[in-house]
Each structure stands twice: as C-alpha cells, then as structure tokens.
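Contents: one structure, followed by commentary.
Every read-out reported here was derived from the displayed coordinates using simple, explicitly stated rules and does not represent laboratory data. As the structure is a prediction and not an experimental result, all values here were calculated from the model. Note: ideal-geometry Cβ built from the backbone for every residue, glycine included; neighbour counts use all protein chains shown.
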Amino acid sequence: MNSFGNKFKITIFGESHGPLTGIVIDGVQPGIKLRALDFAHDLRRRRNGDIASLAKGTTTRKEKDIPQIVSGLYKGHTTGAPLTIVFPNEDTRGEDYAEFRTLPRPSHADFAADRKYEGFNDLRGGGMFSGRMTLPLVAAGTIARKMLAQALPSVKISAKIKSIGGQSDHRLWPSLLENVARVQDSVGGSIECIASGIPAGLGEPFFNSVESQIAHLAFSVPGVKAISFGDGAECGTMYGSDFNDHLIDADGTTDTNHNGGINGGITNGNPIVFKVQIRPTASIAQAQKTVNLSNGQPAELTIRGRHDTCIALRCPVIIESIAAIALADLL
C-alpha cells in the first residue's frame, strides 16, 4: 500500500512520467506557517545532491519541483485538515521505457511489477517504483520537521554520504564517478543519519519500535537495500563488554552509542544513529542479459535514457525526511 503512519499519516500517489506526483498528509498540526518557499532548500538537495562537484553523477532530467498546496492550507497556515501537495511532471520521455514491457531491466522492478499488476502498471520512468516518488517524501519531511520543531525544539536531523562505491575518502569520489560513467556503469553508496536532541521514551516495544518505524520508511525509498542502527552491522562479531553502552548520568547519557540511541525499541536519550546502504542504479547503458517476455527467449538489453550514475548522491535529504516522518508519527 502507499500509506504510512498513524498520528502523522502520509499517502503518496502518481507515477514518474504521469501528469504529477503528490502526497496527502493527515495529522498535521493546525496553525503552522507554511509557504511553497519552505520546501525549496530540501527539494533542491533531492534534485541536485549536497555536493556540487558531484552533480554530474545525477540524472539530467530537470524538473522545477514547485509544490502546489491544494488543501489543508488557509491564509498561510495549516488548517488541521489533510494537507495535499502535488508536483507536476514536465520533463518526461516516456518513449525511452516502451521496450521494458517485453525486455525487463535486470534488478529493476519491471518484471515483478508486471507479474503483480498483470501488465497494467505504468512503466514510464519506472512508474510508481521510480526515485521520482521520493519527491513527495521530502515534502512530507519538511512538514514533519516543522512539527518536531514545535514539539521538540532541540531536535536536529542530519544525514551525509559516508562512502561511494566502498570509498570513504571524499576526495576520490569525483574521479571514481567519472570512471564509472565512462564505462557506462553505476555505483552504490552509504549514508549515515543522526537525529540528536531526542528525549528518552519515544517508541513502543515490538511492532512499533523506533527501529521498525524508521526501517519501514527507509525501505520505501527506492534503492535502499540495508539499514543498521548504531554499530548494528558489526554487533554480531562483538563481545557484550565491548558493545554495551555505559550509563554516565541520570539523563541516560552513555559513554558510547553502539546501540544507536535505542533500547528495547524505545529512545534512550542519546542520538539516534543509523546507516543505510544504497544500491547501484539498476539502469545502466552496458549491454545486459534479460529475457524476452513475448517468447521466453534469452535477450540482450542496452538501456537508453537519463539515469543517475550514483543515486546515493541525492539521498541524504530523503533519509533525513523519513527520519523526521517516523519521529513525527511517534510524538
């Protein structure tokens, strides 16, 4: 389904190359000052990435991404009614995707979606499975941040790229991306997000744990294939005496943060820290093997179109947004 949340509920709609994409946000606090310009900074980050020198690694598709707020706003303030925001799609080239109906892209959703929706799914630009659908998620993140700022003024959420193609030295990233693009390939990346100023006691054990809520949203972001909290990716190789975070004051502050700010699914007052792994873009221009669905025979596919060399470049703000949405839903 395309909805998430209980107290702060979001529903996204649209497709990559359809008329528009959008989101309905229910549970928005009334009286929040809001204008289209409030979305501009984060939407620019999603469109171009945070590192100007690496912009060539992102798609050449250019959209204005100007939000149109069509409900839930009156005289510059939220009303408490569901907030609906839409983004027109203008720079579309649906013809680039026609052949994927019979020649599904390796590791893309083409084949799985064709089976689930009996061939009726919109393939253009990846349809509902496109990275374009993160646009409304970032818009919801802007609203969630505003609600968090009122309820928890000390909260700060920040994400950054930790590595590209396994390389953590950012000085090597430009040449790495140039080399990857030259051989018509793609590369993945790792992003770390830190949410500080979070009080202890948010979240519920088991099915509504803070980890499960953030992870639920993280895996709604196209390209995310793994998530870990604190040192969760390494904890299976550690001793308890090394992994345990020692309490050092009555506020719950610990001398280390191997648990990523969460115990028993509940925030413990330390920063929430999690990392996501972004897969390489599935659409690459190298010739690849697939199957022709019209006759069941092996086939070769060379993908045209405009695709990111590294989709991780545009993901930090998306990861910040899903963290804000999850926390807003836990207030």
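Computed FRET efficiency, Cβ-Cβ of His170 and Ala81, R0 56 Å: what is it to the nearest 0.05?
Details: r = 44 Å, r/R0 = 0.79.
For His170 and Ala81, the calculated efficiency is 0.80.
How about Lys7: which lysines have a C-alpha closer than 23 Å to its C-alpha, ignoring those fewer than 8 places off in the same chain? Hits, sequence-local ones excluded: Lys33, Lys146, Lys156. Take every Cα pair under 8 Å whose residues are at least 6 apart in sequence, average their separation, divide by the length of the stretch 3-330, and the relative contact order is 24 percent.
For Lys289, a cut-off of 16 angstrom between C-alpha atoms picks up these aspartates and glutamates, skipping any fewer than 8 places away in its own chain: Glu99, Asp110, Asp185, Glu300. Given axes a ≥ b ≥ c from the Cα gyration tensor, I'd like to know whether the stretch 264-331 is rounded (a/c under 1.5), prolate (a/b larger than b/c) or oblate. Taking the square roots of the gyration eigenvalues as a ≥ b ≥ c, the stretch 264-331 is prolate. For the chain, the longest principal axis of the alpha carbon atoms and the long axis of helix 134-151 meet at an angle near 10°. Our summary gives the stretch 286-331 a relative contact order of 24 percent, counting only alpha carbon pairs under 8 angstrom and 6 or more residues apart.
Listed from fewest to most Cβ neighbours within 10 Å, the set Glu192, Glu15 follows the order Glu192, Glu15. Loop sites here are chymotrypsin sites (Phe, Trp or Tyr not before Pro) outside DSSP states H, G, I, E and B with no more than 16 other Cβ atoms within 10 Å. The longest part of the chain free of them is 1-116.
Distances between placed amide hydrogens fall under 5 Å for Thr256 paired with His246, all partners being 5 or more residues away or on another chain. Could you give the Stokes-Einstein D for the stretch 3-330 in µm² per second, using the C-alpha Kirkwood radius, 25 °C, 0.890 mPa s? Translational diffusion coefficient: 117 µm²/s.
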